[in-house]
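Comments concern the structure below.
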Amino acid sequence: MRLTTRSAALLMLPATALYALFVIYPTIRSVLLSLTDAHGVIGGSFVGLDNYREAFQDPQVLAALKNTLVYTVVVVVVQNALGLGIAYWLYNSPAVRSIARTGLLMPAMMALVAVSYLWSFLYSPVGGPLDAVMNALGLHGLETSWLGDTHTALMAIAVSYMWMYLGYTATIYLSNYLSIPADLMEAAALDGARGWTRFRRIDWPLLAPSLTVNMTLSTIGSLRVFDLPFIMTDGGPANSTQTLSYVVFEDSFKDFRFAYGTAVAVLLLVITVIVGVLLTTVLRRREVAA
Amino acid sequence: MRTRLRRLTTAAAASAFALVLAACSSSSSGTTADGKTVLTVVGFEGGGNEIADIPAINAAFEKAHPNIKVDYKYVANTEYDAYNNTRLAAGTAADVLMVNKDRLTTWQQQGFLADLSDQPWVKRMLPNLAPYTQVDGKTYDFVQQNIPIGLYANLDLLKKAGIKQVPQTWPELISDLKTLRAKNMGGLEIPNLKGWDAEQVSLALAANLIDPSWGSGYDKGTSTWAATWSPVIDHLKQLLTSGLVDGKTMNGLDPFSQGVSQFTAGKWAFYVDGAWDLSHYQQSAKFGFTLNPFPGGPAGGKPKTFTFIGSGWSVNGASSHKNAAESYVDFMSQPQQDSAYLKAESCFTTLTDVPSPKVTQSAPVAAAFAAGNTSPSQVEVPNYPNSEDKFTAQLNALFNNPSMDTGALLKQLDKEIPKTPSKK
């Protein structure tokens, strides 16, 4: 059967209609809502860009933006570095690869709510396993109220997030590793490329596609993190774990300032799109160069 | 081939259209196959850890109203706003909605709730609770629970520490906490992850230290946090800076899981908590305990308690089964149902003709209530829907840094909790 332009368009129609209904239309409605002063999910008068002006001067939004960026940088760098390290180890350890790969993916299969409660328990300052281990090791100075201290709460949440998705990241790197032709690796070995030299000259350039995927996924995931701070700390203590997504939720569903919350959501969307496009563009160029 | 392709695309388009229609249509047809009216009810109690005897009450309602089938949906409190707001906006929300003060204010302002001022139970409400059910003088919900929150005391631990009675004043409480600390025993537990328990302690202190009319003047602009609440914050600071309470450790403990289990395990002498946990302690605690008014006043005074105005029932203004919905709310207010609900929740009555359940362990707090040494929760009075969350966030910050300036903290509360609700 030859596909004509008309029949192709018709075949695309259902998916396009659904996409338009559930993605394009809500996005347009959201932007329109953000230009009003609506306090509910309906109604409100047109106020132009007032909500956006207010957001750029709102200390809560600015603090949440800072938290989100710090969180994102830490998660993206650490998660990718560790994921790459694990993938390197598994690539060079075929005996444990299959079992380890299954185990690595298990945390990512868990519900975020379950992970939140699990890590809240681990971090508990009274009878929590983490402090108990430190106590047993004589590291009393490192015992702390991980989620109760403004200095540690955000990073404590970042660790939970990385624990959940580290295996996912490692698996993508490992898949890329396994797609590298064996004869290329053998040739490199014959030429004397081993260890760090092989990684720098051979592995790193050839892992460019998985780096693009992992960096993009972890960046987007981190920028819109909501569930873990919401369940584990409710944005506290002293707003130290408030992220942009959390502020959107709080403004919309707790303060009932739906228009303002939507304006912050639109800003988050714009930031995510810009960062996502920039990352993809830069990393894709690197892929081509490699 | 072309015909087949055309059929295929037509079928695909039809499927998509059907899917769209299904997504847009209401989830309830309104009647069962045998002609019964389906009354949809949504609540943040009646499931999870708080059954509140609702399944039995619903079964009794269906028996009393054979033409109505109750379709009860439990939605956890954390998801409740997200669940209902979109449905209210789309016109597909439940016929009867469980509400609390902030949801009542918000949804009424958006025109979603029916005026229930003419309902028979309105005249039976306790007069001091009526303002919590009203907006602009009209009644929009039947508040079903007035929850005592006070000081749970582990009597066995106190006895072991040589403390003969539950403290009655602030100096006595401080003295007892010092005694407990000297004997390396747990004193006052304030599990404060997300700021909840510090809020309860503050409201208990406020019952002793702040004029009960403070809240009623807030939206009129005649009272502010900055002008009045410094004694409460200073009392908290005393606990935090003297080492009697470790704020950072408490900020890392979840009150609803770790806090309750810690107290149940007998590790703490005192814990400020609501009556809803009373039955849990009755079943699980292996020590004697009482629920008491909070000893927040000066030497020689009597301890006072406060109550949290809890959940109630509203009718969706757009309900197509308004009469059935009103019957349901009225049924909830009837003495038999109301008593069952109150007993399950261990809370005080909100009606003139229904007695509060008697529970041995909560006799001290009930006596204070009967003697008038009580006030409704102050933080529920301002009409700003999120006032409670703004308050807890500041207390969470105080526990993290007890040296923070009291005046600055209270001024921030005045800024974050607007004095009049927006009606836009």
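Every read-out reported here was derived from the displayed coordinates using simple, explicitly stated rules and does not represent laboratory data. In this text the structure is predicted, and so the values were computed from the model without any measurement. Neighbour counts are summed over all protein chains in view; Cβ atoms, including those assigned to glycine, are modelled from backbone coordinates with ideal geometry.
Just a few scattered comments:
- Label point at B:ALA227 placed 7 Å out along Cα→Cβ; residues across the range B:371-410 whose backbone nitrogen lies under 16 Å: B:382, B:410
- Summed over qualifying helices (DSSP H, 4 residues or more, each -39500 (n - 2.57)) and divided by its residue number, chain A shows a 222 nm mean residue ellipticity of -22500 deg cm²/dmol.
- Once the Kirkwood radius over Cα pairs is known for the range A:137-290, the Stokes-Einstein relation at 4 °C and 1.567 mPa s delivers a diffusion coefficient of 69 µm²/s.
- Nearest 10 degrees, 0 to 90: helix B:170-182 Cα axis against chain B principal axis: 80
- Cβ neighbours within 10 Å from other chains - mean over A:29-40: 2
- Local electrostatic count at B:LYS220 - Lys and Arg +1, Asp and Glu -1, tallied over other residues with Cβ under 15 Å: -3
- Cα centroid separation, the range B:127-184 to the range B:274-315 (Å): 5
- In this structure, the amide hydrogen of B:THR40, modeled 1.01 Å from its nitrogen in the peptide plane, lies closer than 5 angstrom to those of B:ASP71, B:ASP95, B:VAL96, counting only residues at least 5 positions away or on a different chain.
- DSSP-defined antiparallel bridges as percent of all bridges, chain B, nearest 5: 65
- Electrostatic bookkeeping for B:ALA371 treats Lys and Arg as +1 and Asp and Glu as -1; over the other residues with beta carbon under 12 Å from its beta carbon, the sum is +2.
- For chain A, a Gaussian network of Cα nodes joined below 10 Å ranks A:GLU143, A:GLU186, A:GLU54 by mean-square fluctuation, and the top entry is A:GLU186.
- Spin-label pair B:LYS73/B:LYS286, simplified geometry with 7 Å Cα→Cβ offset, distance in nm: 4.4
- C-alpha center-to-center spacing [the range B:199-267, the range A:27-99] in angstrom: 34
- Normalised contact order of the range B:264-385, rounded percent, pairs of Cα under 8 Å and 6 or more residues apart: 33
- Förster radius 30 Å - calculated FRET efficiency between B:ASP211 and B:ASP115, Cβ distance, rounded to 0.05: 0.40
- In terms of distances greater than 21 angstrom between alpha carbons, the cross-link table entries B:LYS101/B:LYS220; B:LYS267/B:LYS358; B:LYS194/B:LYS343; B:LYS220/B:LYS390; B:LYS267/B:LYS302 yield B:LYS267/B:LYS358; B:LYS194/B:LYS343; B:LYS267/B:LYS302.
- Peptide A:121-129 has a mean of 5 when you count, residue by residue, the C-beta atoms of other protein chains within 10 Å of its C-beta.
- The range B:337-356 residues near the modelled B:ALA56 label - backbone nitrogen below 18 Å, point 7 Å along Cα→Cβ: B:337-349, B:355-356
- Placing pseudo-labels 7 Å out from each Cα toward the beta carbon at A:SER175 and B:ASN49 gives an inter-label distance of 4.0 nm.
- Förster radius 41 Å - calculated FRET efficiency between A:THR27 and B:ALA367 (Cβ-Cβ, nearest 0.05): 0.10
- Estimated distance in nm for a label pair at B:ALA299 and A:TYR19, the labels positioned 7 Å out from Cα along Cα-to-Cβ: 7.8
- Given charges at Cβ of Lys, Arg, Asp, Glu: the protein assembly as shown dipole, positive-most of B:LEU157, B:GLN394, A:THR216: A:THR216
- For chain A, hydrophobic long helices are taken as DSSP H runs at least 27 Å long by C-alpha position along their axis with mean Kyte-Doolittle hydropathy of -0.5 or more; these are A:59-91, A:153-179, A:258-289.
- Other residues within the sphere of radius under 9 Å centred on the Cβ of B:LEU253, judged by their own Cβ, net out at -3 (K and R +1, D and E -1).
- Across peptide B:249-260, the mean count of Cβ atoms from other chains lying within 10 Å of each residue's own Cβ comes to 6.
- For the pair A:LEU105 and A:ARG194, the difference between a 0.36 nm per residue extended length and the Cα-Cα distance amounts to 29.1 nm.
- Zone of A:TYR117's modelled label, taken as backbone nitrogen in the range B:45-86 under 15 Å from a point 7 Å along Cα→Cβ: B:47-50, B:76-79
- Charge dipole (Cα centre; +1 on Lys/Arg Cβ, -1 on Asp/Glu Cβ; no other charges) of chain B amounts to roughly 760 debye.
- Helix B:2-24 axis versus longest C-alpha principal axis of chain B: approximately 40°, rounded to the nearest ten.
- Reported to the nearest whole Å, the Cα centre-to-centre distance from the range A:110-177 to the range B:86-103 is 37.
- Dipole magnitude of chain A about its Cα centre (Cβ charges: Lys, Arg +1; Asp, Glu -1), debye to nearest 20: 1100
- Within the same chain, lysines fewer than 8 places from B:LYS36 are excluded, and of the rest, those with a Cα less than 20 Å from its Cα are B:LYS63, B:LYS69, B:LYS73, B:LYS322.
- Principal semi-axes of the equivalent ellipsoid, √(5λ) from the alpha carbon gyration tensor of the range B:370-424, are 22, 19, 9 Å from largest down.
- Radius, Kirkwood style, for the range B:215-329 when every pair of distinct Cα atoms is counted (Å): 18.5
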